[in-house]
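Below is the structure I would like to discuss, written out as structure tokens.
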Amino acid sequence: MLELRAITAGYDRRAPVVRGVSLTVAPGEAVGLLGPSGCGKSTLARVAALLHRPDAGTVVLDGTPVHRWRHRAPRDRRTAFGVVFQQARLSADPRLTLSDLIAEPLRATGRRAEAPERVAELAETVGLTADLLTRRPHEVSDGQLQRACLARALVLRPRWLVCDEMTAMLDASTSAALVAVVEDYRARTGAGLLSVGHDHTLLRRWCDRTVHWDDLRAPAPRPAEPVAAGHAPA
């Protein structure tokens with residue numbers, strides 16, 4: 001079970017973009033998180049994937065609270081998550097070929113020997129031909145690059161997938177193809193999914209359960225009312 005309990009998070013403690021939000025994703029479950037742009041759902045997704053430490057609240061993974069984040073988290077926890085971001089060009093190293101991009105997590109975890117076979121397998125899965133694997137991000141389309149980023153997210157066989165508006169920059173056919181890859185992976189492995197987006201139709205067709213950001217968000221604290229002169233507070 002992946003549990004987010006009363007999470008408050010942001011990039012300025014004085015003005016958090018996420019305030020008191022709780023959400024759970026069960027193993028094998030696909031949960032869609034709907035909300036408008038800028039509401040804080042991407043920040044919550046990063047907290048869920050152990051990429052951003054919250055200011056308050058607790059992330060519980062398989063019954064154990066998380067205490068370390070990013071590269072400080074234990075390897076078995078870091079590698080339990082595969083993440084696909086909205087803007088593939090911002091999440092891909094422009095110096096790497098698509099083959100090296102997909103293999104990057106294997107090399108980072110000391111599994112370099114697995115790379116050739118695993119990259120070839122995943123390239124076929126996501127619909128990348130061999131000639132595309134030798135190209136760098138600026139030499140391929142947005143859809144082709146996002147296919148490589150999805151392959152990278154799957155390369156370590158994660159137990160949890162976090163897709164942060166994975167299809168927002170893509171055409172309908174590429175979107176459908178990538179959703180199909182995710183669903184096939186989930187069906188084979190029992191991985192849980194948190195899919196963030198603002199496309200109601202897509203998420204409701206894709207996910208087992210859909211929640212709206214407004215239903216999760218805790219109300220902002222009301223400022224204290226001034227006490228009138230001559231009147232003591234009750």
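The values are calculated or read from the model by the stated rules, or taken from the named source; none is laboratory data. Computed from a predicted structure; not experimentally measured. No Cβ is skipped: glycine too gets one built from the backbone with ideal geometry, and neighbour counts run over all protein chains shown. Remember, those area values only see protein heavy atoms, side chains included, never the ligands or the DNA or RNA. Shrake-Rupley method; radii C 1.70, N 1.55, O 1.52, S 1.80 Å.
Return the pairs, sorted by first residue and then second, in which the second residue is assigned to a helix (DSSP H, G or I) and open to solvent by 50 Å² or more (accessible area, probe 1.4 Å), the first residue lies in region 46-75 and is within 14 Å of Leu2 (Cβ to Cβ) and of a type outside the set (Asp, Glu), the beta carbons are less than 9 Å apart, and the residues are 6+ apart or on different chains.
Listed by first residue and then by second, the contacts come to Leu50/Arg70; Leu50/Arg78; Leu51/Arg70.
Yes/no per residue for (1) over 20 Å from the mean Cα position of the chain (by Cα); (2) at pLDDT 95 or above:
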residue	(1), (2)
Glu117	yes, yes
His138	yes, yes
Pro158	no, yes
Glu165	no, no
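Condition first: more than 15 Å from the chain's Cα centre (by Cα) and either of a type in the set (Phe, Trp, Tyr) or open to solvent by less than 60 Å² (accessible area, probe 1.4 Å) (or both). Now tell me which residues in region 23-43 satisfy that.
Answer for region 23-43, where residues must be more than 15 Å from the chain's Cα centre (by Cα) and either of a type in the set (Phe, Trp, Tyr) or open to solvent by less than 60 Å² (accessible area, probe 1.4 Å) (or both): Ala26, Gly28, Cys39.
Same structure, new question: I need the full set of residues from region 133-164 which are without any contact (Cβ under 8 Å) to a residue 60 or more places away in the chain and either farther than 24 Å from Thr109 by Cβ or open to solvent by 50 Å² or more (accessible area, probe 1.4 Å) (or both), in order please.
Those that are without any contact (Cβ under 8 Å) to a residue 60 or more places away in the chain and either farther than 24 Å from Thr109 by Cβ or open to solvent by 50 Å² or more (accessible area, probe 1.4 Å) (or both): Thr134, Arg135, Arg136, His138, Glu139, Val140, Ser141, Asp142, Gly143, Gln144, Arg157.
Separate question: Which residue, of Thr167, Thr189, Thr174, is β-branched (Val, Ile, Thr) and surrounded by fewer than 16 Cβ atoms within 10 Å (Cβ to Cβ)?
Thr189
Go through region 62-80 and count every residue that is surrounded by 11 or more Cβ atoms within 10 Å (Cβ to Cβ) and outside any loop (DSSP other than H, G, I, E, B).
4
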